[in-house]
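A.B. asks: Quick one: structure below, then a few questions.
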Amino acid sequence: MSKQYKYKQAKITEEFIDVDDEIQNSTQQTGYAWEEEYKRSWDVLQEDEDGSLKRTVENLQHRKRKRLFRDTATIRRGIIRHMFLIIDLSEAMMEKDLRPSRLDLTLLYAEQFILEYFDQNPISQLGIIVTKGGYAEKLSDLTGNPMNNIRALKNKKNTDADGEPSLQNSLEMARSTLIHVPSHGSREILIIMGSLTTCDPGDIYDTIDNLVNENIRVSVVGLAAEVQICKLMCKKTKGTYGVVLNEAHFKDLLFEIIPPPPVSATQNKAELVIMGFPSSVTDASPSLCACHSKPTIGGFICARCHSKICDLPTDCPVCELTLVSSPHLARSYHHLFPINNFVEVPWNNSVSSTHCFSCQIPFPPLLGVRGGAVPIENSGRYKCNKCHQHFCIDCDVFVHEVIHNCPGCLATIH
C-alpha cells in the first residue's frame, strides 16, 4: 500500500511541474519533509486485545466487498446518461487534510472516475466544468471520448486554484447544455466541493427550482463539511450528498455515482430510441470530419446521412442521429440485469469446497491461526445462489465489477 501511494504521489508531482520550475527546484525544497513522509498508518493497522492483526485483515476484506452490496432488483435505469462534472478550484482546494492535497487528489480521482464512468456507461457522455474566482469555465463539452476530458484536466492552466467558487454560475452553465438533451437520456450533475462558501450573482434557490423542473439530478461530494444548500439541492433533485472522511472514502463516494440511477417517475414510460450503427473507415488521404471540421484519416460514417465523425458514441452533428456500436450496447446491458450478490459461506457449510471455482486458489483451512488452535472467523468463501459454486473474495469483486457474469452459471449452460 505504501509503494502504491508513493507512486501515485510521484506521478502527480511530475504532471504539475513546469520546465522553468525544475531549475528553481534544484536549489530549493518544494515542500516540507514531514508533508512527504506523513502517512495515516494508524487508520490501517489496529491490533485486537490479543495483539493480533486478524481483525484488520477481516475489515479490509469486508470493506473491499462493501461497494458490491447494492440493490440487484430489475428496475428501469437510464443507461444513456449525460453528466457534467463540476470541480471546485477555489483556494480551499489547496488544503492538505487529504494527501497530498485536496486539489491533487481530486484531479487524480477525477481521472479514474472518468475512465470507470465510460467503461461502465459506454453509450453515455460527460463534460467538465471548473469554478473559481466567482465564475465558471467549461473545460470540455459533453463528449463520449474520455481522453478529451482527461487531456483537459491534465492541462495545468485549467487547474490553478484561485478565489471562491460560484455554485450558481456552474449549475446554470451545466443546465444550459443539459436542457437540450433528448428526453430518453438522463440529465445529471456531479459536484466536487471543497469550499464552505459560494459567490453567486443571484438567488440560487431559483436555480434549484429550475433544476427540479427540468429533471436534472445533482449529486455533491463535499471535502470539508456538510453545507446546508448542497444538502437541500441534492434532496430536491433526488441526488446524493456525502462528505468524505478520508482518501478511501472519497473514492468510494465518487464511484457510487458510476452505476446509472433509476428512471424517475416523470420519465417512466416506454419509448423507442432510433440509433444508428456507423461503419468504420480509413481513408487514403485526410478528409474533414463533421464534428470538428478537422482533417482526419480514420473515422466513422453515419448510417443515415453518410457524414464522417471521429468518435463513438455521439450524436451526428448533421442529422442528429444517435450513433453507437454494438459492443457499447452489450456493455451497458449488465446495468439492467445485474448479477446477484454472492453470500458469505459459514464454516459448517464450507467443507465441500477446497478451492475457488474460478481461479482454483485453495481456501484457508478450518484451523489456520496460531499453530492450528483457533478457527478463522471468516471462511473466505462466497457462494452464488444460482449455481451454488464457491468463490474467493478477489473473484467475487472481479465478477461483480468487471465481467458482470458468474463463471459457475456460465459453465452450467449447455
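A.B. asks: How would H306, H390 line up by accessible area, probe 1.4 Å, largest first? Please report the intermediate quantities before stating the final value.
C.D. replies: Numbers: H306 135, H390 20 Å².
So, going from the largest accessible area down, we get H306, H390.
A.B. asks: Continuing with this model, one more query. Provide the packing ranking of 203-212, 280-289, i.e. peptides ordered by the mean count of other C-beta atoms within 10 Å per residue, highest first.
C.D. replies: 203-212, 280-289
A.B. asks: Another question, then. Counting Lys and Arg as +1 and Asp and Glu as -1, each charge on the Cβ, what is the dipole of the range 182-325 about the Cα centre in debye, to the nearest 20?
C.D. replies: Once rounded to the nearest 20, the dipole reads 280 debye.
A.B. asks: In the range 110-222, what is the volume of the convex hull around the alpha carbon atoms, normalised per residue and reported in Å³?
C.D. replies: Hull volume normalised by residue count: 102 Å³.
A.B. asks: Convex hull volume of the Cα atoms in the range 270-326, per residue, in Å³?
C.D. replies: Values: hull volume 4.0 nm³, N = 57.
Here the figure is 71 Å³ per residue.
A.B. asks: Next question. Could you pull the Cα extents of the range 233-342 along its three principal axes, largest to smallest, in whole Å?
C.D. replies: 54, 38, 35
A.B. asks: Principal axis extents for the range 185-257, Cα atoms only, whole Å, descending order, please.
C.D. replies: Between the extreme Cα coordinates on each principal axis of the range 185-257 lie 35, 31, 15 Å.
A.B. asks: Residues with amide H under 5 Å of F363's amide H, sequence separation 5 or more or different chain, H placed in the peptide plane at 1.01 Å from N; which?
C.D. replies: H355, C356
A.B. asks: Per-residue accessible area for M275 at 1.4 Å probe radius, Å² rounded to 10?
C.D. replies: 50 Å²
The values are calculated or read from the model by the stated rules, or taken from the named source; none is laboratory data. Predicted, not measured: the structure shown is a model, and the values here were computed from it. Don't worry about glycine lacking a Cβ; one is built from the backbone with ideal geometry, like all the others, and counts go over all protein chains shown. Surface accessibility is based on the protein's heavy atoms, side chains included, excluding ligands, DNA and RNA. Shrake-Rupley method; radii C 1.70, N 1.55, O 1.52, S 1.80 Å.
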